[in-house]
Amino acid sequence: MSLLADLLNHMPPNVAGAGKPPIAKRAPDRPRLVLVGPAPLPSSPYANAANATPEWRHARDQYISHVMTCRGCYAPGGRHCLVGAELRTAYDTTPMEAHP
């Protein structure tokens, strides 16, 4: 027999999930994640951040600042923590263009 076989014979078998606490007891302070759907596109063909409303820019800046620093948010996958989901909803619902 090889040396490796002798070592492996004296080790206990691995059991899936052994040594891990149940999900409910792991980390109660972890942020809850929420999936967010895609936002509707602006109606004007020339809508961009340069001529957007100040409210929209503020909502965008708050959302991006949060997503870039939050470990619970993953914007490309549409996964956000509760705060990120609220900021994303505010960003999506804030009008980009001022309608007269």
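The values are calculated or read from the model by the stated rules, or taken from the named source; none is laboratory data. All figures in this text were calculated on a predicted structure; none of them were measured in a lab. Here the Cβ positions follow ideal geometry from the backbone for every residue, glycine too, while neighbour counts run over all protein chains shown.
Values as computed for the structure displayed
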quantity: Helices (runs of 4 or more DSSP H) wholly inside the range 1-94 that include at least 1 residues being surrounded by 10 or more Cβ atoms within 10 Å (Cβ to Cβ) and at pLDDT 75 or above; calculated: 54-69, 82-93
quantity: Residues of the range 44-100 that turn out to be within 13 Å of Val34 (Cβ to Cβ) and either of a type in the set (Phe, Trp, Tyr) or in contact with a Pro (Cβ under 7 Å, 6 or more places away or on another chain) (or both), as a count; calculated: 4
